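Student: Okay, here's the structure, questions in a sec.
What follows is calculated from the coordinates using simple rules that are stated; it is not laboratory data. Predicted model, so just to flag it, every value in this text is computed and none were measured. Backbone-built Cβ (ideal geometry, glycine too); neighbour counts: all protein chains shown.
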Amino acid sequence: MQVEERVKELVLEKIADREDLFIVSIRFLKSGVLEILLDGDNGIAIEDCVQVSRHVGFHLEEENVIDKAYRLEVSSPGIDTPLLLSRQYQKNIGRNVKVLMLDGAKREGKLLDAGETSFNLEEIVKEKGKKAQSVEVEIPYNQIKETKVLISFK
């Protein structure tokens, strides 16, 4: 069993009673860092990360899953971390996002809705000599390279 698979089992075991929490990613980096990113529909508390870290760390040591030195990091994705899951898109409905498409095109607008295979974006289209218009577009997840939430200081 790979390290990431066992870690996923341990995390799911710990958050089983918390339907609002979910795993964003689990990566064992070449630098020796075992990175676990968690999120919640209403955010995630530091205490949740601490509990998952203790649970995972304890079991990894007890079971001797990793045979070399490593550093365990459990946190929430930062604001500059791209959205990876449809659940993250749903959590950010109403916020402005910047989307980089696989073909290199860039789109920006308000996230209106998110489903399992695509999301809807309200873009402001400006044409020469015309008033700016609001246009709703559907973007399939499989056509994007990355989506980031834009930070607003209003």
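Student: Lys/Arg Cβ at +1, Asp/Glu Cβ at -1, dipole of the chain taken about the Cα centre: which of L60, S75, G94 is farthest positive-ward?
Tutor: The residue sitting most towards the positive pole is G94.
Student: In whole Hz and in residue order, list the ³J(HN,Hα) couplings for segment 9-22 that follow from phi through the Karplus curve 6.51 cos²θ - 1.76 cosθ + 1.60, θ = phi - 60°; x for Gly and Pro.
Tutor: My calculation for segment 9-22 gives 4, 5, 5, 4, 4, 6, 9, 4, 8, 10, 5, 7, 9, 8 Hz in order.
Student: Still on this structure, please answer the following. Need the list of aspartates and glutamates near K14 for cross-linking: C-alpha distance under 18 angstrom, and skip anything on the same chain fewer than eight residues off.
Tutor: Candidates past the 8-residue exclusion: E4, E5, E35, D39, D41, E47, D48, E61, E62, E63, E73.
Student: So what's the chain giving for Rg/Rh, alpha carbon basis, Kirkwood Rh from the mean inverse pair distance? Write down the numbers at each step before the final one.
Tutor: On the way: Rg = 18.9 Å, Rh = 17.5 Å.
Across the chain, the Cα-based Rg/Rh ratio is 1.08.
Student: State the extension gain, in nm to one decimal, for the chain segment bounded by I46 and R27, taking 0.36 nm per residue of separation less the distance between their alpha-carbons.
Tutor: Values: separation 19, 0.36 × 19 = 6.84 nm, distance 1.97 nm.
Taking I46 through R27 to full extension adds about 4.9 nm, to one decimal.
Student: What FRET efficiency, computed as 1/(1 + (r/R0)^6) with R0 = 30 Å and r the Cβ-Cβ distance, is obtained for E138 and N64, rounded to the nearest 0.05?
Tutor: The computed FRET efficiency comes out at 0.05.
Student: Further question on the same structure: Treat every Asp and Glu Cβ in the chain as -1 and every Lys and Arg Cβ as +1, leave all other atoms uncharged, and give the resulting dipole magnitude about the Cα centre to the nearest 20 debye.
Tutor: Values: 23 positive and 28 negative charges, 218 e Å.
The calculation lands at about 1040 debye.
Student: Assign unit charges at the C-beta atoms only (+1 for Lys and Arg, -1 for Asp and Glu), then state the dipole size of segment 3-75 relative to its Cα centre in Debye, rounded to the nearest 20. Let's see the in-between values first.
Tutor: On the way: 9 positive and 17 negative charges, 79 e Å.
Its charge dipole is roughly 380 debye.
Student: Antiparallel DSSP bridges in segment 3-75: what percent, to the nearest 5? If you can, show how the numbers build up before the last one.
Tutor: Working: 7 of 13 bridges.
Counting only bridges with both partners in segment 3-75, antiparallel ones make up about 55 percent.
Student: For the chain, calculate the relative contact order in percent as a whole number, restricting contacts to Cα pairs under 8 Å that are 6 or more residues apart. Each step should come with its number before you reach the end.
Tutor: Numbers: 249 pairs, mean separation 27.4, N = 154.
Averaging sequence separation for qualifying contacts and normalising by length gives 18 percent for the chain.
Student: Suppose only helical runs count, i.e. DSSP H with n ≥ 4. What mean residue ellipticity at 222 nm does that imply for the chain under -39500 (n - 2.57) per run, divided by all residues and rounded to the nearest 500 deg cm²/dmol? Kindly include the intermediate steps, with their values, before the conclusion.
Tutor: Working: 3 runs with 37 residues, N = 154.
Taken over the chain, the calculation gives -7500 deg cm²/dmol.
Student: Step through the residues of segment 39-53 one at a time and calculate ³J(HN,Hα) from phi using the Karplus curve (6.51 cos²θ - 1.76 cosθ + 1.60, θ = phi - 60°), rounding each to whole Hz and writing x for Gly and Pro.
Tutor: Per residue, the Karplus-derived 3J(HN,Hα) values read 9, x, 4, 10, x, 9, 8, 4, 4, 4, 5, 4, 4, 5, 4 Hz.
Student: Counting only pairs 8 or more residues apart or on different chains, how many lysine pairs in segment 86-149 have their Cα atoms under 24 Å apart?
Tutor: Lysine pairs satisfying the spacing and distance rule in segment 86-149 number 25.
Student: So which trypsin sites (Lys or Arg not before Pro) in segment 1-82 pass both tests, a DSSP loop state and at most 11 other Cβ atoms within 10 Å of the Cβ? Don't skip to the end; give the middle numbers.
Tutor: Working: sites: R6, K8, K14, R18, R27, K30, R54, K68, R71; in loops: R18, K30, K68.
Counting only loop positions with at most 11 other Cβ atoms within 10 Å, the trypsin sites (Lys or Arg not before Pro) in segment 1-82 are K30, K68.
Student: Moving on. Given contacts defined as C-alpha pairs under 8 Å and at least six residues apart, what's the relative contact order of segment 86-149, whole-number percent? Walk me through the numbers on the way to the answer.
Tutor: Details: 124 pairs, mean separation 21.4, N = 64.
Answer for segment 86-149 is 33 percent.
Student: If you don't mind, there's one more thing I want to ask. Scan around L38 for amide H atoms under 5 Å from its own, H built in the peptide plane at 1.01 Å from N, and keep only partners 5 or more places away or cross-chain.
Tutor: Placed amide hydrogens put V24, S75, S76 under 5 Å from L38.
Student: Continuing with the same structure: Which FRET efficiency, nearest 0.05, do K126 and D80 yield, Cβ-Cβ r, R0 25 Å? Numbers along the way, then the final one.
Tutor: Details: r = 27 Å, r/R0 = 1.07.
For K126 and D80, the calculated efficiency is 0.40.
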